[in-house]
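See structure below.
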Amino acid sequence: MFVATGLSFLDRQVLSVLAPVVTEQLSLSNLEYSHVNTAFLVSYAVMFLVGGRLMDLAGTRIGMALSVGLWSFASALHAAARNGFHLGACRFFLGVGEGGCFPGAAKGVAEWFSERERAVAIGIAIGGASLGAVVAPPFTVWLAAAVGWRGVFLATGVVGVAWVAAWWLFSRELTHASAATVGESASTTERRPPARQLSNSISCAPDRRPALRIPDGQAANHDDLETVRPQRPALTALLRRRDVWGLALIRFMVDPVFYFYMFWIPKYLHQERGASMEQIGQLSWIPFLALGISNVAGGWASDRLIRAGVTAFKARRLIMAAAALLTVASSLTGQVRSVGMALAMMALLMLAHGFWVTNYVTLISDRFPHNAVGTVMGISGAVGAVGGMLANTAIGAVVDRFSYGPVWLASGLMYPLAFGVLMMMVGSNHRSHGAGVG
């Protein structure tokens with residue numbers, strides 16, 4: 001999962017890094033470049049929702065293979081683009097494939113890890129995205145110098161196909177591990193039995209069906225698993241939940257900030273700071289390194305709070321509150337004079353985002369049955385992509401008319417506002433089981 005999310009961000013970052021060259025060769029304005037990115041976000045919004053449901057229906061193994069295979073093929077197709085329309089079409093199909101990646105990662109972690117371990121595991125799984133974003137600038141600039149910008153897209157497509165082959169060869173369905181999560185969540189107030197000691201106690205989930213408690217790392221037989229597997233919640237039941245829409249609204253507010261950093265930073269460094277392609281390769285990975293570190297550190301911090309006796313919801317919320325406050329300083333990015341200080345401000349926001357997003361994703365896996373995690377991730381991600389799509393189009397127009405100043409200001413305010421939504425719409429009740437999640 002770490003490698004898959006890394007490839008996801010590598011493939012979408014390649015165009016961002018090459019934007020000064022590609023937009024010049026294809027004669028694209030800032031507004032036209034924003035339309036190309038919007039094509040990705042349109043399909044990503046739809047397929048984040050569809051892909052999340054696909055993961056819950058088809059399983060993580062098949063779903064991830066389809067997702068990575070499709071976006072790798074789309075990435076290779078970029079090499080054939082001759083104008084803005086071709087480039088936009090390639091980005092559209094890239095978004096179709098990538099929509100299932102993060103719901104699949106969240107679902108896999110929810111199946112395998114207990115609540116007390118889950119945040120670190122999610123931090124590692126989604127932390128691959130940061131590695132992909134860190135590798136993308138120097139790797140892309142180096143490879144483009146050797147084989148041209150079209151060759152870079154071909155190379156990333158081949159790497160993705162290799163991942164699919166390895167995944168299909170070595171991965172297995174995770175159904176035997178899901179019982180551990182179901183058993184644990186059925187009675188969260190009880191202490192987990194010692195490792196490798198099977199508890200004979202039976203606790204009742206809210207849907208009144210008995211759930212066998214199984215310690216971490218110990219499998220049960222197939223018949224036992226059939227008795228404890230919860231019914232998949234209906235999509236309509238999930239859509240009736242206030243917290244689902246609260247989580248989706250949070251993504252609608254903060255995802256545009258992250259997409260701005262992903263799609264526009266190389267162009268900003270080139271246009272506003274006078275950076276060359278070589279300097280972009282040397283510098284633009286720095287904020288994403290901060291993101292990668294905080295992805296794991298954010299998970300470790302909230303898991304540590306839980307071990308100290310803080311409830312899971314309160315632990316996730318405390319980390320997200322601190323992260324939201326940290327982002328305010330990034331509003332000054334456009335005001336500082338040196339490139340180094342500007343990058344430091346960007347890195348500060350990405351550091352905060354890592355703490356934020358790891359605990360946000362973990363919050364979803366805490367609150368919902370494992371066979372609904374992909375769907376809820378899909379709903380929230382789709383809404384977030386719609387926000388990114390609307391904001392991305394606006395950014396192109398704002399930059400052409402006013403420069404980047406208003407965008408930096410807005411970026412520093414979104415996380416505190418999103419935390420307010422978390423407080424108002426997402427309560428502290430623990431996960432629901434079965435069909436009656438509404």
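Please compute the length gained on full extension between LEU417 and VAL158, using 0.36 nm multiplied by the number of residues separating them and subtracting their Cα-Cα distance.
89.1 nm
If each residue of separation counts as 0.36 nm, what is the full-extension length gain between VAL147 and GLN335 once their alpha-carbon separation is subtracted?
63.9 nm
So what's the range 383-427 giving for Cα Rg divided by 2.2 N^0.38 Å, two decimals?
Cα Rg divided by the expected 2.2 N^0.38 Å: 1.39.
For each of ARG53, ARG251, count neighbouring Cβ atoms within 10 Å of the residue's Cβ, then give the residues from fewest to most.
Least crowded to most crowded, the residues run ARG53, ARG251.
What is the spread of the Cα atoms of the range 299-375 along each of their three principal axes, largest first, in whole Å?
Answer, in whole Å and largest first: 48, 31, 16 Å.
How long are the three semi-axes of the equivalent ellipsoid of the range 82-126, in whole Å, if each is the root of 5 times an eigenvalue of the C-alpha gyration tensor, listed from largest down?
Equivalent-ellipsoid dimensions as semi-axes: 34, 9, 5 Å.
Mind putting a number on the dipole of the range 77-136 about its Cα centre? Charges go on the C-beta only, +1 for Lys and Arg and -1 for Asp and Glu, and I need it in Debye to the nearest 20.
Roughly 220 debye, rounded to the nearest 20.
Counting pairs of Cα atoms in the range 1-80, how many percent are more than 15 Å apart?
Of the Cα pairs, 65 percent sit more than 15 Å apart.
I need MET424, MET1, MET55 ordered by Cβ neighbour count within 10 Å, fewest first.
Lowest count first: MET424, MET1, MET55.
Going by how many other beta carbons lie within 10 Å of each one, how would you line up TRP408, TRP71, fewest first?
Least crowded to most crowded, the residues run TRP408, TRP71.
From Cα coordinates alone, what are the radius of gyration and Dmax values for the range 22-66 in angstrom?
Just the Cα atoms of the range 22-66 yield Rg and Dmax of 15.7, 44 Å.
Give me the three principal axis extents of the range 313-354 from the C-alpha atoms, as integers in angstrom, largest value leading.
40, 14, 7
For the range 46-87, list residues with backbone N below 12 Å from a point placed 7 Å from the Cα of GLN25 toward its Cβ?
In the range 46-87, the label zone of GLN25 (backbone N under 12 Å from the point 7 Å along Cα→Cβ) covers 78-83.
What length, rounded to one decimal in nm, is gained on full extension from TRP168 through to VAL3, with 0.36 nm per residue of separation minus their alpha-carbon distance?
Length difference between fully extended and current span is 58.0 nm.
Values quoted throughout were computed directly from the atomic coordinates according to the rules given, and no laboratory measurement underlies them. Since the structure is predicted, the reported quantities are computational estimates derived from the model, not experimental observations. We place every Cβ from the backbone using ideal geometry, glycine too, and count neighbours over all the protein chains shown.
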